[in-house]
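The values are calculated or read from the model by the stated rules, or taken from the named source; none is laboratory data. None of these values were measured; they are calculated from a predicted model. Using ideal geometry, Cβ is built from the backbone for each residue, glycine included, and neighbour counts are taken over all protein chains shown. To get the accessible areas, we keep the full protein, side chains included, count just its heavy atoms, and leave off ligands, DNA and RNA. Shrake-Rupley method; radii C 1.70, N 1.55, O 1.52, S 1.80 Å.
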Amino acid sequence: MKKQNSTPTNNSRAAQSSNAARGSGASMNHENGFPSQPPRKKKRGMHKKLWNSISAVFFLILGVCEGWAFYRLWHLAVLPMKILGVLAIVAAVFTIALGIMMFPKVGRHQKSKCIGRRITAYFLAMLISLGCVFGGRVVGKLDHTFEVITQVPSTVSAYVGIFVKADDPVADIKNASKYTFAVTDAYDAENTGKTVDALKDMWGTPVLTRSYPTVFAMIDGLYNGEVQGIILNEAYLDLMSTAEGYEDFETKTKMLYHHSILSAPEPTTLPPETKPTETPNEALHEPFLVYLSGSDTRSNTLVGYKSRSDVNIIAAVNPETKQVLLINTPRDYFIPNPAYQNKNDKLTHCGLNGTENSAKALSQLYDQEIAYTAQINFTGFETLINSIGGINIHSDIDDGVFLKPGDNHMDGATALEFARDRYDYAAGDNARGLHQMQVIKAVIDKLASGTIITNYSDILDSLQGMFVTTMPSERLSQLIKMQIDDMAKWNVQSFAVTGTGGSDIPAAMGVHAYVMYPNKEDVQKATKLIDRVMNDEILTEQDLAPKQ
């Protein structure tokens, strides 16, 4: 028998190789004869790419949200660089840690553990991203509020009405072209002229007018039939309630036409330019004066509207010594009105020619330069107090009207009534000035308690359109940044000048009305107190106490 060759043939070797390949899970590429990639290894690679793609999406979202939030903070410019730096470092550490969790170097036996880490990282990344989005929106809204309240209005609104007797048969201004209207050159002649021009354009015929020396002479002319109508700035309507014999003007007349006028903004008073030798930091610490006006209007839009000023407070602010002095001046103070050739008038009437005019009157009274003005109307005041949950006024006495011993909680409407009331108190305007100071301090205390954090949206909404200041947004941001940086406590003191009530003829009225003659000693003391604040002195309660 022929002996069988033990050496495998080519066919047998190929078969063995094929069997070995099957045993190892590999397959043969029939085109080039080489084994192809094992299916399990390929599947693992696909899973890894999928996880990395998901991680990249989450990581990108996190980076974009963090970047947007930091841009908002940087643009707001109220956080010191050291705080921004700490926040940036913390954010970077969290981002790197989450990146390590999202893109792990995995071994075969760590697969399930790494999936858990990835999912945890995704959850934290989304949580931080949502926090950045929320925080960015808060900062953005705050930034927008700064821009709104510090933006000088592009136009100033004035509202002029045409009034006729209540029983006048004409109900449409178009049918009054034959009427003669009372006007005066003594008060708001510019807007009166614009209204006359508007009527001329409407009718296509000249407007018949008759000139009078005062607003009240105009009304007398309407009542006795000399004219059929009067052209009057609506801001003067409130004057009637304080003038004897004209309190029923609104019931005896009706408005036939309402004319809105838009004009250029009034110039603002700005502080002296920074000296060349001063650094920005030195300029920031310079003391300044702010005039705070409480506008006598309840409209839902304040910006630019000229009206009587019921609250007149000068705030002397010294950022270096952290001293604030509030000087309250009664609204009926009988002082020169710059808008009427410095003829004596009630301080509240100065606001009829703009907040800037009131600031000039007070600058003359106290011989001080007022750098900025700020204005809030009664609607905004009431809304602001409601948005912070009301305020508490502490009292040691029972005044029989608003206050009882202890803390007295007030909502916006009650606080507004408390700040305006003078008739229920023997001290009259002096009591009202004191109450206004108490309300301002109570608002500051409430905001400092952290209420602004939980109610920030309502608070900012209440300020937009209801509050405006000529202080530049950069200056306001710098002051906030300085406060956040040193967290210093401010020494807030207040002083109210007083006077003696009497009857006189205010320039804006032309008839006798109640006025308050200034107490010269109080005015001089207030001036000296302001000088001390501006000269870096610290005031105490004893410095402001009245003489015994």
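What list of ³J(HN,Hα) couplings, whole Hz, do you get for the stretch 133-143 from phi and the Karplus terms 6.51, -1.76, 1.60, once you set θ to phi - 60° and write x for glycine and proline?
5, 5, x, x, 5, 4, 5, x, 5, 5, 4
Can you work out the Karplus-derived ³J(HN,Hα) for every residue in the stretch 419-425? Use 6.51 cos²θ - 1.76 cosθ + 1.60 with θ = phi - 60°, whole Hz, and x for glycine or proline.
6, 9, 5, 9, 6, 8, 10
Percent relative contact order of the stretch 170-246, based on C-alpha pairs within less than 8 angstrom and at least six residues apart? Spell out each step's value before the answer.
Values: 80 pairs, mean separation 30.0, N = 77.
It comes to 39 percent, rounded to a whole number.
Tell me, what HN-Hα J-couplings in whole Hz come from the Karplus equation 6.51 cos²θ - 1.76 cosθ + 1.60 at θ = phi - 60° for each residue of the stretch 175-187, using x for Gly and Pro?
9, 10, 5, 8, 6, 9, 10, 7, 9, 9, 8, 7, 9
Can you send over the solvent-accessible area of CYS65, 1.4 Å probe, protein chains only, in Å² to the nearest 10?
20
Go through SER260, SER473, SER129 and list them by solvent-accessible area, largest first, probe radius 1.4 Å. Mind showing how you got there, number by number?
On the way: SER260 65, SER473 35, SER129 5 Å².
Output order, biggest surface exposure first: SER260, SER473, SER129.
Quantify, in whole percent, the carbon and sulfur part of the accessible surface of the stretch 114-232 (1.4 Å probe; protein heavy atoms only).
Roughly 58 percent of what the probe reaches on the stretch 114-232 is carbon or sulfur.
Please name whichever of LEU347, ASN357, ILE397 sits farthest to the positive end of the charge dipole of the stretch 344-424, dipole taken about the Cα centre and charges placed at Cβ: Lys and Arg +1, Asp and Glu -1.
The one lying farthest along the dipole's positive direction is ASN357.
Would you pull out the residues with amide H under 5 Å of ASN344's amide H, same chain only if 5 or more places away, H placed 1.01 Å from N?
So ASN344 has HN proximity to ASN337.
So if each residue of separation counts as 0.36 nm, and I subtract the Cα-Cα distance between ASP536 and GLN483, what length gain in nm does that give?
Answer, rounded to one decimal: 17.3 nm.
What FRET efficiency comes out for ASP167 versus ILE505 if R0 is 22 angstrom and r is the Cβ-Cβ distance? Round to the nearest 0.05.
The calculated FRET efficiency here is 0.10.
For the stretch 177-240, state the average projected area of the convex hull of the C-alpha atoms over all orientations, rounded to one decimal in nm².
Mean projected area of the Cα convex hull: 4.1 nm².
Which one, THR527, MET471, LEU539, projects farthest toward the positive side of the charge dipole computed for the stretch 461-548 from Cβ point charges (K/R +1, D/E -1)?
THR527
Return, ordered by residue number, the residues of the stretch 504-548 whose backbone nitrogen is under 11 Å from a label point located 7 Å along Cα→Cβ of ASN491.
Backbone N within reach: 533, 536-543.
Taking square-rooted eigenvalues a ≥ b ≥ c of the alpha carbon gyration tensor, is the stretch 303-455 rounded, prolate or oblate, where a/c under 1.5 means rounded and, failing that, a/b exceeding b/c means prolate?
Prolate shape, in that a/c is at least 1.5 and a/b is the bigger ratio.
Ignoring everything but the protein chains, give the 1.4 Å probe accessible area of ILE397 in square angstrom, nearest 10.
100
Using 1/(1 + (r/R0)^6) with R0 = 41 angstrom and r between the beta carbons of ASP543 and LYS194, what's the FRET efficiency to the nearest 0.05?
0.25
Quick one: if you stick a label point 7 Å off each Cα along the C-beta vector at LYS82 and LYS49, how many nm between them?
5.2
Over the stretch 372-419, what is the relative contact order in whole percent, taking alpha-carbon pairs under 8 Å and six or more residues apart?
38
For the stretch 152-214, what is the charge dipole size about the Cα centre, in debye to the nearest 20, if Lys and Arg each add +1 at the Cβ and Asp and Glu each add -1 at the Cβ?
The calculated dipole for the stretch 152-214 is roughly 160 debye.
Does a label point 7 Å from the Cα of ASN344, set along Cα-to-beta-carbon, have any residues of the stretch 358-373 with amide nitrogen under 18 Å, and which are they?
Residues passing the 18 Å test: 361-362, 364-366.
Would you mind checking the stretch 209-226 for residues with the amide N under 14 Å from a putative spin-label position 7 Å along Cα→C-beta of MET202?
Counting only backbone N, you get no residues.
Which one of THR414, PHE334, VAL439 is farthest out on the positive end of the charge dipole of the stretch 328-458, using unit charges on Cβ (Lys, Arg +1; Asp, Glu -1) and the Cα centre as origin?
Value: PHE334.
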